[in-house]
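What follows is one structure encoded as structure tokens, with my remarks underneath.
The values are calculated or read from the model by the stated rules, or taken from the named source; none is laboratory data. Keep in mind that what you see is a predicted model, and the values were worked out from it rather than measured. Backbone-built Cβ (ideal geometry, glycine too); neighbour counts: all protein chains shown. When the accessible area is computed, the model is the full protein with side chains, heavy atoms only, and any ligands, DNA or RNA have been set aside. Shrake-Rupley method; radii C 1.70, N 1.55, O 1.52, S 1.80 Å.
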Number of protein chains: 2
Amino acid sequence: MSEKPTKPLNESRRKFLQTAGLVPAALYLDGCASAGGQKSSTGSVAGSQDSMMDFVAAPLDTVRIGLIGMGRRGLPMLRLFLAIDGVEIMAISDPYAPAIDNAKKLFNELDVAQPTYYGNGEHDYRNMLARDDIDVVYIATPWKWHTPMSVEAMEHGKHALVEVPAALTIDECWQLVDTSERTQLNCMMMENVCYGREELMALNMVRQGVLGELLHSEAAYIHELRWQMVDMEEGTGSWRTDWHTRRNANLYPTHGLGPIAQYMNINRGDRFDYLSSMSSPALGRQLYAKREFPADHIRNQAKYICGDMNTSLIKTARGRTIMVQHDTTTPRPYTRHNLIQGTNGVYGQYPDRFALESEGEFHEWQHDMSDLQARYDHELWKRTKAGAEALGGHGGMDYVMLWRTIYCLRNSLPLDQNVYDAAAWSVVIPLSETSNADRGNSQDFPDFTRGAWKTASSFEIRDVVSASVASHNNNQAAA
Amino acid sequence: MSEKPTKPLNESRRKFLQTAGLVPAALYLDGCASAGGQKSSTGSVAGSQDSMMDFVAAPLDTVRIGLIGMGRRGLPMLRLFLAIDGVEIMAISDPYAPAIDNAKKLFNELDVAQPTYYGNGEHDYRNMLARDDIDVVYIATPWKWHTPMSVEAMEHGKHALVEVPAALTIDECWQLVDTSERTQLNCMMMENVCYGREELMALNMVRQGVLGELLHSEAAYIHELRWQMVDMEEGTGSWRTDWHTRRNANLYPTHGLGPIAQYMNINRGDRFDYLSSMSSPALGRQLYAKREFPADHIRNQAKYICGDMNTSLIKTARGRTIMVQHDTTTPRPYTRHNLIQGTNGVYGQYPDRFALESEGEFHEWQHDMSDLQARYDHELWKRTKAGAEALGGHGGMDYVMLWRTIYCLRNSLPLDQNVYDAAAWSVVIPLSETSNADRGNSQDFPDFTRGAWKTASSFEIRDVVSASVASHNNNQAAA
């Protein structure tokens, strides 16, 4: 299904139940029974509301977490979860024994009680989901598992925190939205880049009007990752490489797009309207395989179809424009662009720079950020930076994200990224694929909010307090 | 007409004569009579050929030039023409008396014999075109005159050298192509940026394979020109501002796109296939007018509709992608991007930078250009740089362009930019306008070459010799 009726919800939900195909029917029945017949472990303060816009759940004193996926992403995120006060790690699932071992070592190292492990094959996570002492499931698995696991987690009464991208198809996006609305549980895509110091500062500048009225922005994930092709049995490259043989699209839009969407109040007064996309030829991975692997290697037998550089344009309902690029193949420096332009000038990264008419000279880029930081560093950054700087995680953004999300869950605040954001940011993947295959003709974004974007209030990171640190934090800093 | 039959030419020419509307019918009759019944002052070595691809005219010992437009562009270009050996300035036309006075002063200053002046109203240039002692007409007038004057110049047996953009509509593009083919006279759009030191070096790098196989490129004209809105009676802003009230498009694509098109061999083995375009809101000029002019000023009565930032995507027949932006409104630093990306890495400008796998490190931008310049400075730059550095003109590119073009005309070489380039680079204006108005749906480029792009040889700047200087050059350097 490419579109959903905006109302009534009940009808759309029936349609969803009839048409959803990726999750086994039995699970849906379980899920429906669970949502209808037994109390969710988290519940909902506003139980009768349908929309998840500004949704708040009942406060959790301790956030009991189960993690699925203990690989290159899951393990360092586990370390950060363990550094946050009010978090209890209940269980960890991963079918790969060495990954479980890594987690065990970490708990020993930190002198924290071991959780329960679920490592008996790819589907043992379902036994973890069946427990009734878990509030939140964090999912850091290969992309194809993101939506099914998120849906299953919510069906089992857990909030889903899922790594990027949350979904790979339009249908999966609707599955997330429908399930979150029906179960009244959070589905947050963990877009860590939204919590970078620079992104938070830019958000603050935009909200304070420093850039004037917004006009245009540029986002990207340009990150040479050909070297991951060496991963064969496990590791990101073992499955990520395959996507380059299966889809010609902007495969990974959300790191660049998430912060931009927040600046622009996407789903909160504005929304993505339509997208046009064009991919360059796909040459780099073939060349790399030829150079790095034997002629009969599987990497030399594959046909890589994902254009090395994808450039997509998005128009918003308020007429603003966004360029978002994807290139994980070409040898060039990393950038997410993070450029935001308004009537008063421009702020961008890679390198950090700005040009603002109100600051005087705008004909040359300014590169000294110290004054802007002094004036516009975000309160959230200021109040978490001690932990962020001590614990790291992509320059601190991982820690800030986890700290903030746990804080919201413990204090009945809306999570900063809701299921509509997860869907709107992720759906760029299938829309870019379709547009690119159709001579760049534009594709309409579904309105996943079902009209709620029109009245939703401006995006703000509210009720920021100073971060408290977990009692075992000193152990970590020493680790 | 939005498309033309590719063959036969005669039929398309008949259709052109029937449908062309911008130039008075009488002029066409004059033109036809001239082309058919009397010898062109320049003639054609390959008189029977239809296509203007690689067209060469009979050599001119002295290039006798008439200039139309003696404003902010025409006057400095006149000074450069006068610095080139083998040039004779026969006549100058401009309806604005002070512009003519500026030219007269320059001739006196250089102690060069005065040409004939045509300043009796907007159409006195036609009396200049009627002369039979002019080989080449250089046109530096407001945009709306570019195509009509170029067509009339060719109809009167003169080569047309026209400032950018050469045309404003698809129909005008075809007028230029049809007229150039029928008259077998050059119509060169004077895209000076193609002659910048950096652009020539990038061309050389691409041809030598330094960037690998080409994938993607980025071009722009981002140049804050709100200040031109103060021009009311004369000067660029007096007419350019109006376009911002009339068209929502990429109004000025060729400076960024010309060099990129040459790197990519557009019209010579590849061609622009289709384009998608989106414009941001148009806010900056209203704000500027409100700030800078009285409330009842004409600049405050206008409605500005051209989106402050236009971003367009182009796909080529070989599957490569090009992003081209236009923004003359937002307060931000100048850039043409000039970014060209291949399988071996990237070269770009603003700031100058490169990252090449074959050079070792590519994860950080390299900014020291000295080694690249030593290896890849183009022969044309090296052989003209003395004059370019002495005489200037946008960093020397104007001088190099004029010197090179005069050299080609005197030595029976194809001009570096033919009428198909003029049409393909300029047609981005109407195509971006249509796409932007149609929710970013893509627009097909007409194949102005009528298929000749498939067999045309790679773009090269051939037969480069050292620049000779005009005998009165010393006067100029002293001026």
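I'd like to check something: does the range B:26-41 contain any residue that is part of a loop (DSSP other than H, G, I, E, B), at pLDDT below 50 and among the charged types (D, E, K, R)? Yes, there is a match, as at least one residue in the range B:26-41 is part of a loop (DSSP other than H, G, I, E, B), at pLDDT below 50 and among the charged types (D, E, K, R).
Scanning the range B:265-279 for residues being surrounded by fewer than 24 Cβ atoms within 10 Å (Cβ to Cβ), within 14 Å of another protein chain (Cβ to nearest Cβ) and not charged (D, E, K, R) gives a total of 1.
Quick check, is residue A:337 out of contact with any His (no Cβ under 8 Å at 6 or more places or on another chain), closer than 21 Å to residue B:348 by Cβ and not aliphatic (A, V, I, L, M)? Even if it seems obvious, please write down each step before you answer.
Working: out of contact with any His (no Cβ under 8 Å at 6 or more places or on another chain): yes; closer than 21 Å to residue B:348 by Cβ: yes; not aliphatic (A, V, I, L, M): yes.
Yes; evaluated as a whole, the condition is true for this residue.
Residues being in a loop (DSSP other than H, G, I, E, B) and of a type outside the set (A, V, I, L, M, F, W, C): count how many of those fall in the range B:125-153.
Result for the range B:125-153: 6.
Within the range A:185-216, if we keep just the residues that are away from chain B (no Cβ under 14 Å) and open to solvent by 10 Å² or more (accessible area, probe 1.4 Å), the residue that is farthest from residue A:252 (Cα to Cα) turns out to be A:208. In this entry, residue A:227 passes the filter for residues that are within 14 Å of another protein chain (Cβ to nearest Cβ) and open to solvent by 10 Å² or more (accessible area, probe 1.4 Å). The test for being at the interface with another protein chain (Cβ under 10 Å from one of its Cβ atoms), open to solvent by 10 Å² or more (accessible area, probe 1.4 Å) and small (Gly, Ala, Ser) holds for residue A:282.
What are the residues in the range B:429-466 that are open to solvent by less than 30 Å² (accessible area, probe 1.4 Å) and within 14 Å of another protein chain (Cβ to nearest Cβ), if any? Matches in the range B:429-466: B:431, B:432, B:435, B:436, B:440, B:442, B:445.
Is at least one residue of the range A:104-122 over 23 Å from residue A:80 (Cβ atoms) and surrounded by 18 or more Cβ atoms within 10 Å (Cβ to Cβ)? The answer is no, given that none of the residues of the range A:104-122 is over 23 Å from residue A:80 (Cβ atoms) and surrounded by 18 or more Cβ atoms within 10 Å (Cβ to Cβ).
Counting only residues that are surrounded by 24 or more Cβ atoms within 10 Å (Cβ to Cβ) and facing chain B (nearest Cβ under 7 Å), the range A:309-320 holds 4 of them. Restricted to the range A:285-308, and to residues there that are in contact (Cβ under 8 Å) with a residue 60 or more places away in the chain and within 11 Å of another protein chain (Cβ to nearest Cβ), the residue that is nearest to residue A:425 (Cα to Cα) is A:307. List the residue pairs whose Cβ atoms are under 7 Å apart, where the first residue sits in the range B:73-97 and is at pLDDT 95 or above, the second is among the acidic types (Asp, Glu) and open to solvent by less than 10 Å² (accessible area, probe 1.4 Å), and the two are 6 or more positions apart or on different chains. That search, which allows pairs on different chains as well, returns B:77/B:398; B:80/B:398.
Out of all the residues in the range B:321-349, which are open to solvent by 10 Å² or more (accessible area, probe 1.4 Å), out of contact with any Asp or Glu (no Cβ under 7 Å at 6 or more places or on another chain) and facing chain A (nearest Cβ under 9 Å)? Answer for the range B:321-349, where residues must be open to solvent by 10 Å² or more (accessible area, probe 1.4 Å), out of contact with any Asp or Glu (no Cβ under 7 Å at 6 or more places or on another chain) and facing chain A (nearest Cβ under 9 Å): just B:334. For the range A:387-401, the set of residues classified as over 25 Å from residue A:459 (Cβ atoms) and open to solvent by less than 80 Å² (accessible area, probe 1.4 Å) consists of A:390, A:391, A:392, listed by residue number.
Close contacts from the range A:405-434, counting a first residue that is on the phi > 0 side of the Ramachandran plot and a second that is open to solvent by less than 10 Å² (accessible area, probe 1.4 Å) and at pLDDT 95 or above, with Cβ to Cβ under 6 Å and a gap of 6+ residues or different chains, come to none at all. Please verify whether the range B:350-371 includes one or more residues that are in contact with a Cys (Cβ under 8 Å, 6 or more places away or on another chain) and open to solvent by less than 10 Å² (accessible area, probe 1.4 Å). No, the range B:350-371 contains no residue that is in contact with a Cys (Cβ under 8 Å, 6 or more places away or on another chain) and open to solvent by less than 10 Å² (accessible area, probe 1.4 Å).
Residues in the range A:154-171 that are open to solvent by less than 10 Å² (accessible area, probe 1.4 Å) and assigned to a helix (DSSP H, G or I): A:154, A:155. Residues of the range B:232-249 that are more than 18 Å from residue B:307 (Cβ to Cβ) and either of a type in the set (A, V, I, L, M) or open to solvent by 20 Å² or more (accessible area, probe 1.4 Å) (or both): B:232, B:233, B:234, B:236, B:238, B:239.
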